């Protein structure tokens, strides 16, 4: 059975992440986060000592959840490698696309000094997950280069398309082209 306090904390962190994404770190106030989370401002400060602590925990939680989901997706070897790759990238980047949404990377890039090592370690962990899945499905020969190229394509698509379906479609083409010959 889930701890109700943990569930409440997670809900506050999700609201905070959405608020930071909408307004950016500097323009986000604790008052706005409290309003979005349906909690009092003193209640928010009871859970998080400062805006910096809230930001750090919200972004860290989101990155950890995205990495865990990508890992589960890539480990589901009963599905094709191409499908798993598209779904993992969709979890990592695609779900942040669409009207009024900003990529988690955009939020991270605004204040990397507040986040510490996770700014570097999370993208490397994602790259390793993708590399390992490609290597397991097609052999290790060029797995790292293919993974890095797919990550570059993903970043490019993020700026070229406006919708999640368009992102998935473009990524599916890249995955097919890059993994079809492995």
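The values are calculated or read from the model by the stated rules, or taken from the named source; none is laboratory data. The shown structure was predicted, so the numbers you read here are calculated from the model rather than taken from an experiment. A quick note on method: Cβ atoms are made from the backbone with ideal geometry, for glycine too, and the neighbour counts reach across all protein chains shown.
State whether the residues of segment 29-43 include one that is assigned to a helix (DSSP H, G or I), within 30 Å of residue 169 (Cβ to Cβ) and touching a residue at least 12 places away in the same chain (Cβ under 8 Å).
No.
Please specify each residue of segment 141-165 satisfying the condition of being free of Cβ contacts under 8 Å to residues at least 40 places away in the same chain and over 20 Å from residue 123 (Cα atoms).
Those that are free of Cβ contacts under 8 Å to residues at least 40 places away in the same chain and over 20 Å from residue 123 (Cα atoms): 160, 165.
Looking at 164, 124, which is the one that is exposed (fewer than 12 other Cβ atoms within 10 Å of the Cβ) and under 26 Å from residue 59 (Cα atoms)?
Of the residues listed, the single one that is exposed (fewer than 12 other Cβ atoms within 10 Å of the Cβ) and under 26 Å from residue 59 (Cα atoms) is 124.
Got a sec? Which of 106, 87 is under 17 Å from the mean Cα position of the chain (by Cα), within 30 Å of residue 177 (Cα to Cα), surrounded by 20 or more Cβ atoms within 10 Å (Cβ to Cβ) and in contact (Cβ under 8 Å) with a residue 12 or more places away in the chain?
87
Quick one: residue 50 ticks every box in (1) at pLDDT 90 or above; (2) surrounded by fewer than 18 Cβ atoms within 10 Å (Cβ to Cβ); (3) under 18 Å from the mean Cα position of the chain (by Cα) bar one, so which box is it?
(3)
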